[in-house]
1. Give the longest segment of chain A that steers clear of trypsin sites (Lys or Arg not before Pro) in DSSP loops with at most 13 neighbouring Cβ atoms within 10 Å, not counting the sites themselves.
2. Of all DSSP beta bridges located in the protein assembly as shown, what percent are antiparallel, nearest 5?
3. Mind jotting down a quarter of the surface of the convex hull over the alpha carbons of region A:1-108, in square nanometres, one decimal?
4. Rg(Cα) of region A:39-255 divided by 2.2 N^0.38 Å?
5. Enter the accessible area of A:Cys207 (Å², nearest 10), with the probe set to 1.4 Å and all protein chains included.
6. Quick check: the distance between the Cα centres of region A:94-170 and region B:137-182, to the nearest angstrom?
7. Mind checking the angle between helix A:42-52 and chain A's longest principal axis? C-alpha axes, 0 to 90 degrees, to the nearest 10.
8. Run the 1.4 Å probe and let me know the accessible area of B:Ile203, rounded to the nearest 10 Å².
Amino acid sequence: MTPATPLGATGRATLGMLAAVGRVALFAARAVSHILRPPFYPREIALALLNIGWLSLPVVGLTAVFTGAALALQIYSGGARFNAEAVVPQIVAIGMVRELGPVLVGLMIAARVTSSIAAEIATMKVTEQIDALVTLSTNPMKYLVVPRVLAALAVVPALVAVGDVIGIFGGWAVATGSLNFNPAAYLKNTVDFLEPLDVISSLVKGCAFGGIAATMGCYFGMNSGRGAQGVGRATKSSVEAAAILILAANFLLTGAFFSL
Amino acid sequence: MISLAGVTKSFGDNHVLQGIDLEIARGSSMVIIGGSGSGKSVLLKCILGLVWPDAGTIMLDGQNVTTQDRDAFLARFGMLFQGGALFDSLPVWQNVAFRLLRGSLKRPAEEARAIALEKLRRVGLMPEVADRFPAELSGGMQKRVGLARAIAAEPEIIFFDEPTTGLDPIMAGVINDLIREIVTEMGATAMTITHDMTSVRAIADNVAMLHAGRIRWTGPVDQLDTSGDPYVTQFITGSPHGPIAAVR
Ligand SMILES: Nc1ncnc2c1ncn2[C@@H]1O[C@H](COP(=O)(O)OP(=O)(O)OP(=O)(O)O)[C@@H](O)[C@H]1O
Ligand SMILES: [Mg+2]
């Protein structure tokens, strides 16, 4: 393999991605234009809320608790290098709420929700169920896409909030259990230290990541190729795109909130 | 009345439809025959706007279908897809009553269910099937559920893509009678794709044969045997020898 090959491949992939970003943006704009216009499908929205929100709680909780716990250990041992072990509650709180809570919840939602939306819609596409919807006078954008995007926009911030709290609790459990922190003082330090903007940024990120995750699942599902291979490819691409866009959006939002 | 003029459709360099001219009179039953892969399903999808033709015009009652209000247009149609295309997240009766549970034809759930059960009965399915999910049914049962769904809202124009494929001969007979009944009693216009010559004779007023991207022959069903067209003759006798290649 010549050295140029990976470069060329990277270049092509980047160009391809930019074109895709344009198409995705158009798709998202279409979805938004359908959100406000009837008919609405409340049953589909309720199902999406259940699937994306409620059923994601175990995954979100487990992800957050282990991350918070590990974070406490890391900050403790890192802080010990310059006698700053006491900052554990503050850094865990900031780390979880501003950064790790939203990002990890976002990524878990990309893994769990984006993939399942993409696979479901792509399967509907290859088995002509989307065509059938159209012949039954039902707009697939309204019936399939809007409920999922709306539900994700509404419920992922709540998941992030839950993740933040559980993550802080994970740090608290480790700190009080094995690092000899005082339980009440730890919590007081956490609450005193967090500012409203930290929490707001966390929820805004959750909303953005939820929107990205659901939109990617729907986009790649609706544009799936034919056959089982098409479904597989749609699913893979949807998760890749959602994860990368979530991380990129996280960077931009962090910049917007905290470096201006 | 549906009329097609010069309709073409290609997928890459696969030129599936190469200029289709065809007329289907209101209240008549047109059967499309033609080799596997000749573009019959694509033709139906072009009329419905599920696939966009590259060129040509499709008119419904003298109006170009692309300029009509899409919702009003689709509300007149019912379609049975070749693969059934049932929604696997919904139980059978909700599939059948899909149109009756939402949108402009929405009615109370009990009423919609009663209609669904009646349509299921007409396609030879027991009421017990109503609460099962599509994945729990055999292929032939799924096909019949798809058929029940296509006729549930009593559309004026119904497309059937291979309604009897995968059915036993008795069930196929039931479905042939049903389609005939829908046309003669309810005055619907039907367009049916089938490979089953018994169905052709039972269902059709007119037959059109699609070959090489064009309508090779069209005429009343009683002239099918005396068409004098070697393609049609080979097709209806199922002979491997003739102008149509056996490997495609
Ligand atoms: N969405 C699509 N993308 C690419 N090619 C397609 C698509 N749909 C159909 N084709 C091609 O168009 C041709 C005609 O397909 P079509 O499904 O209309 O055949 P058919 O006459 O219905 O055959 P059969 O009797 O086997 O159902 C085939 O070569 C098929 O591969
Ligand atoms: Mg077909």
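1. Numbers: sites that count: A:Arg81, A:Arg226.
The reported range is A:82-225.
2. Details: 21 of 39 bridges.
Bridges in the protein assembly as shown are about 55 percent antiparallel.
3. For region A:1-108, averaging the hull's shadow over all directions gives 12.5 nm².
4. Rounded to two decimals, the normalised Rg is 1.17.
5. 50 Å²
6. Using only Cα atoms to place each centre, the spacing works out to 37 Å.
7. 50 degrees
8. Its accessible surface works out to 0 Å², give or take rounding.
The values are calculated or read from the model by the stated rules, or taken from the named source; none is laboratory data. Because the structure is a prediction, the values reported are computed rather than measured. Glycine gets a Cβ as well: all are built from the backbone with ideal geometry, and neighbour counts include every protein chain shown. Just so you know, the surface numbers come from the protein's heavy atoms only, side chains and all, with ligands and any DNA or RNA stripped out. Shrake-Rupley method; radii C 1.70, N 1.55, O 1.52, S 1.80 Å.
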